[in-house]
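What follows draws every value from the coordinates through simple rules; no lab data is involved. The structure displayed is predicted, hence computed values, not measured ones. When we count neighbours, we look across all protein chains shown, and the Cβ atoms used for this are built from the backbone with ideal geometry, even at glycine.
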Amino acid sequence: MEAETSSSGHRRQKRPRQRRSSEVISYENSVANLSKEGKETLMIVSRRRQLNKIPNTSCTVFDNTCPRYNWLRSGWIAEERLKPHDRLYRYFYDPLGQMYGTRGEVDQIYADIEKSRAIVVFNK
């Protein structure tokens with residue numbers, strides 16, 4: 001790792017740039033591997049221009065059936081966009097199509113759902 005000097009004169013280690021996408025699979029194959037709930041979410045997510053049609057960009061989608069994203073709840077999907085120069089962007093979508101940019105945001109939504117969960121009892 002290289003060290004870089006900041007404007008205040010402190011030296012810190014420079015983080016190596018990582019490409020964290022394992023294998024690249026086609027968009028069509030990734031869609032075929034989705035569960036029924038994941039495919040329903042994907043149909044809700046709308047775009048003006050399909051990502052798999054943009055030159056030099058590959059896009060894959062995953063759901064909780066993929067080992068890498070088994071922490072996702074049913075119906076949630078993760079989208080990986082690999083741009084030129086191996087820059088990887090990840091986005092997460094809930095079953096209503098709302099986009100989240102980080103796993104931290106998704107974890108916070110999960111925590112909020114757990115906190116506000118209510119039990120309804122019907123008396124007959």
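According to a simple spin-label model (label point 7 Å from Cα along Cα-to-Cβ), what is the distance in nm between LYS39 and LEU88?
Simple spin-label model gives 2.7 nm for this pair.
Find how much the distance from ILE109 to ASN56 grows on full extension, using 0.36 nm per residue of separation minus their present alpha carbon separation; answer in nm with one decimal.
Details: separation 53, 0.36 × 53 = 19.08 nm, distance 3.29 nm.
Going from the current span to full extension adds 15.8 nm.
What does region 23-116 give for Rg and for Dmax, in Å, if only its C-alpha atoms count?
Expressed in Å, the Cα Rg and Dmax of region 23-116 come to 13.2, 44.
To the nearest 20 debye, what charge dipole does region 23-116 have about its Cα centre, counting +1 at the Cβ of each Lys and Arg and -1 at the Cβ of each Asp and Glu?
Details: 14 positive and 13 negative charges, 83 e Å.
With Lys and Arg at +1 and Asp and Glu at -1, about 400 debye.
Once you place label points 7 Å from the Cα toward the Cβ at ASN29 and THR102, how far apart are they in nm?
3.2 nm
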